[in-house]
Amino acid sequence: MIQVYLAGPINGTFYTKETDWRSQATAELKFQSNVSINVLSPMRGKDEFDGKLIDEVTNHDPIELVGRDYSDIRRSDIILCNIPKNDKDKISIGTCAELGIAYERRIPVVLVCDWWFKDHPFVKVFCQYKVSNLQDGITKIFDVLGL
């Protein structure tokens with residue numbers, strides 16, 4: 001089974017914004033694939049944020065939150081990281097940490113981004129594949145994994 005982790009900014013955004021693109025990516029990955037794909041989202045189990053702005057003050061234990069995401073990344077075959085242009089004023093510390101973990105574990109990263117963030121030296125090194133929209137990111141995942 002192929003494991004795909006969905007990375008991207010969460011803090012300071014609305015729940016539906018962060019779950020909508022992840023739901024779309026999950027549906028596309030599973031629909032287009034001829035193999036079993038398990039999609040891992042850091043938003044799973046956080047339904048209490050529905051309709052709310054997500055900020056740093058949550059009722060989730062930070063050790064559990066980071067630990068689960070770290071474990072998800074470590075067991076993933078590839079990372080799909082979506083950082084849309086409208087998030088350009090929000091550089092996510094969590095997402096940057098996720099990219100670093102993937103790099104250290106030699107897990108390929110497909111970055112969906114069309115603004116200056118993609119040109120940062122760390123991002124250039126941590127993200128091996130760069131595309132400008134989500135559909136191209138999904139296509140690139142299939143290409144990288146040879147599916």
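Need one word for segment 2-145: rounded, prolate or oblate. Basis is the Cα gyration tensor (sqrt eigenvalues a ≥ b ≥ c); a/c below 1.5 gives rounded, then a/b vs b/c decides. Please list the in-between numbers first.
Working: a/c = 1.35, a/b = 1.20, b/c = 1.12.
Cα axes put segment 2-145 in the rounded bin.
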Give a residue-ordered list of calculated ³J(HN,Hα) values for segment 103-118 (Karplus: 6.51 cos²θ - 1.76 cosθ + 1.60, θ = phi - 60°; whole Hz; x for Gly, Pro). 4, 4, 8, 6, 9, x, 10, 9, 9, 9, 6, 10, 9, 4, 3, 5
In whole Hz, what ³J(HN,Hα) sequence does segment 123-137 give by Karplus (6.51, -1.76, 1.60; θ = phi - 60°), x for Gly and Pro? 5, 4, 7, 5, 10, 6, 10, 10, 9, 9, 8, 4, 4, 5, x
Check residue 7: other-chain or 5+ apart residues with amide H under 5 Å from its amide H, H built from backbone geometry? 80, 81, 82
Residue 128 long-range amide H proximity, modeled H, under 5 Å: 109
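Using the structure shown, list the pairs from 46/124; 85/118; 46/85 with a Cα-Cα distance above 22 Å, or answer none. Working shown, then result.
Values: 46/124 31 Å; 85/118 11 Å; 46/85 24 Å.
Distance filter (> 22 Å) returns 46/124; 46/85.
Using a simple charge model, +1 on the beta-carbon of Lys and Arg, -1 on the beta-carbon of Asp and Glu, nothing else, what dipole does segment 2-145 show about its Cα centre, in debye to the nearest 20?
Working: 18 positive and 21 negative charges, 87 e Å.
Its charge dipole is roughly 420 debye.
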Return the single residue from 130, 46, 118 with maximal mean-square fluctuation; model: Gaussian network over the chain, springs between Cα atoms under 10 Å. 46
Using Cα pairs closer than 8 Å and at least 6 residues apart in sequence, work out the relative contact order for the chain, in percent. 28 percent
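Quick check on the exposure proxy: order 69, 143 from fewest to most C-beta atoms within 10 angstrom. Walk me through the numbers before you get to the answer.
Values: 69 19, 143 11.
Least crowded to most crowded, the residues run 143, 69.
Given a cut-off of under 8 Å on Cα pairs at least six residues apart, what relative contact order in percent is computed for segment 65-147? If you can, show how the numbers build up before the last one.
Working: 99 pairs, mean separation 24.9, N = 83.
Relative contact order of segment 65-147: 30 percent.
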GNM, the chain, Cα, under 10 Å: largest mean-square fluctuation among 44, 22, 68? 44
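Laboratory data are not the source of any read-out in this text; all were calculated from the coordinates shown. Bear in mind the structure is a predicted one, so any value in this text is a computation, not a measurement. In this analysis, Cβ positions are derived from the backbone assuming ideal geometry, glycine residues included, and neighbour counts consider all displayed protein chains.
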